[in-house]
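Here the structure is laid out as structure tokens; the discussion comes afterwards.
Here, each number is a calculation from the coordinates, and none is a lab measurement. The structure presented is a predicted model; accordingly, all values stated were derived computationally and were not measured. Reconstructed Cβ throughout: ideal geometry from the backbone, glycine too, with neighbour counts over all protein chains shown.
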Amino acid sequence: MPDRLPAQSGAVRVRRMLFRVCSLVCVCSVVLNAEFAVGRPPNVIMILADDLGSVDLRCYGADDLMTPELDRLAKRGVRFTQCYAAAPVCSPSRAAFITGRYPQRAGVPGNVPRNDAGGMPTDVVTVAEMFARGGYATGHVGKWHLGHHPSKTPNGQGFQESFGHLGGCIDNYSHFFYWDGPNEHDLWRNGQEVFHEGRYFPDLMADEAIRFISGHQDEPFFLYWALNVPHYPLQPSERWRRHYRDLPPPRRHYAAFVSTMDETVGRVLRHLDHLHLTNSTIVVFQSDHGHSTEIRTFGGGGCSGPYRGAKFSLFEGGIRVPAMISWPGTLPRNAVRSQMVTGCDWVPTLLALAGLPDEPGLDGHDITDVIRSPSAPGPHSVFHWQSGRTSRGPQWAVRHGPWKLLAHPRDTTAGAAPLHVDRFLVNLDESVSEQTNLLDAHPDIAVELEQLHEIWVRDVRRK
């Protein structure tokens, strides 16, 4: 080996020294950022899909759908096979999702009309108010459908920032209310009407979510992202329309919008990766209820898998929904849980995971033990639903253990014949398809469940 290096090696040594210094600075920065993340509460993002069918993600068995982003989220966390929405329609399910209460106790027993009188009462405490008390920045993006009066809009219900539409559905390009006339424009930012004609609303939602996250990355934030997809009108991106062109309708229309939703969610999840916030952010994803078989969705397109019913029905296909939670490095990865949980459970669970105080009067339960262990007992021995009326009376259901009693049930499966029964009893351990009425074989169990329902009705009635 020579006694001295060539003359140019002095420059090489300087470059090497600078590289080492820069590397040390980068390592220190990562360590400091990690310590900062550990020293503050986790960020929280609650994502609610709109009219997504019971098994309509590839990680739930939909082999004809492409949903890589949500499949990746499931692999990062815990996926539930027995999560129930609190209602088979939009507004009451959403009220339960962001309050932790039965829709009836939250004052939203059915879909909220487009007037100033309707909506979730202001005395009902939302998850945004709970997290704001804990020092979180709070934001809402997307659909609301819980009230139009200023006091009942997102900004009146604890969300410091809000962008989206107040009614049940909009055209994704004009942002006009889609259901019926008069055709009113419905796009708002913090209570002020805004116009983005021609811009695709799923992209606008992702842009807004990214803006909110970037703007609050140095403080704990809570974001409620209420997607309006795959709810009608089915207006997927051109990329996914081409991808599914060989699927038969109406599946291809719906599938393209599901994959558009997945890609939209992926943009935001990848932004968390870009900001190195993934390991310090809890992400919850759930559908608000089963898929739609309404004429506006070409009579269907979604799938309930082995379950009977769809949106508007209290059979399993209307209320058993995809759901998952992710917090890499803290919660289990690539895990599946079969215990019964509900949309009411996320609020108390997120409060517990964030180290915030319990909120009194919740109907949901902290499911942290279930998330951490497949052998933990489920939190609900009994759960209740009540939604709408049929020609025979109100539609309701109660589940106790494996037994489930439905009153005046609706079967909204595409092409299903009307049901003409007052009571329908099933045992879900024996069959999840709910095709056989066990009422005559077990009348005593039906009586017991009906009594539980009557007690519940009196309990949740708002004073």
Worksheet item: Ordered by residue, what ³J(HN,Hα) values in Hz, to whole numbers, does segment 197-204 give under the Karplus form 6.51 cos²θ - 1.76 cosθ + 1.60, where θ = phi - 60° and Gly and Pro are x?
Response: 3, x, 8, 6, 4, x, 5, 4
Worksheet item: Arranged from highest to lowest average of other beta-carbon atoms within 10 Å per residue, in what order do the peptides 161-170, 179-188, 449-458, 349-358 appear?
Response: 161-170, 349-358, 449-458, 179-188
Item to complete: Figure the gain on full extension for Asp459 and Ala132 (residue separation times 0.36 nm, minus the Cα-Cα span) and round it to one decimal in nm.
Response: 114.8 nm
Worksheet item: Along the three principal axes, how long is segment 274-362 when you take its alpha carbons, biggest first, rounded to the nearest angstrom?
Response: 44, 38, 25
Worksheet item: Tell me, what is the FRET efficiency for Asp444 and Glu193 to the nearest 0.05, using R0 = 41 angstrom and their Cβ-Cβ distance as r?
Response: 0.10
Worksheet item: Put a dot 7 Å past each Cα toward the Cβ at His149 and Ser375; how far apart are the dots in nm?
Response: 5.2 nm
Worksheet item: Which shape class, rounded, prolate or oblate, goes with segment 382-460 when its Cα gyration tensor gives a ≥ b ≥ c as root eigenvalues, a/c under 1.5 marks rounded, and past that a/b bigger than b/c marks prolate?
Response: oblate
Worksheet item: Hey, rough spin-label estimate for Leu247 and Asn183, points 7 angstrom out along Cα→Cβ, what's it come to in nanometres?
Response: 2.8 nm
Response to the item:
Treating only Lys and Arg (+1) and Asp and Glu (-1) as charged, each at its beta carbon, one finds that the chain has a dipole about its Cα centre, in Debye to the nearest 20, of 1180 debye
Response to the item:
Of the residues Asn437, Val460, Val447, the Cα lying farthest along the dipole of segment 409-463 towards its positive end, which is defined by charges on the beta carbon of Lys, Arg, Asp and Glu, belongs to Val460
Worksheet entry | Separation of the Thr81 and Ser214 label points, Cα + 7 Å toward Cβ, nm | 4.1 nm
Worksheet item: Which of the peptides 338-346, 66-74 is most tightly packed, and how do the rest follow, judged by the mean count of other Cβ atoms within 10 Å per residue?
Response: 338-346, 66-74
Worksheet item: Based on Cβ point charges of +1 for Lys and Arg and -1 for Asp and Glu, what charge dipole magnitude is obtained for segment 389-454 about its Cα centre, in debye rounded to the nearest 20?
Response: 360 debye
Item to complete: Multiply the residue separation of Ala117 and Asn334 by 0.36 nm, subtract the distance between their alpha-carbon atoms, and state the gained length in nm to one decimal.
Response: 73.6 nm
Discussion item. Let me spell out the model: positive unit charges on the Cβ of Lys and Arg, negative unit charges on the Cβ of Asp and Glu, origin at the Cα centre of segment 50-126. What dipole size does that give, in debye rounded to 20?
Written reply: 320 debye
Fill in: Those residues of segment 220-244 whose amide nitrogen sits under 17 Å from the label point placed on Phe176, 7 Å along Cα→Cβ
233-235
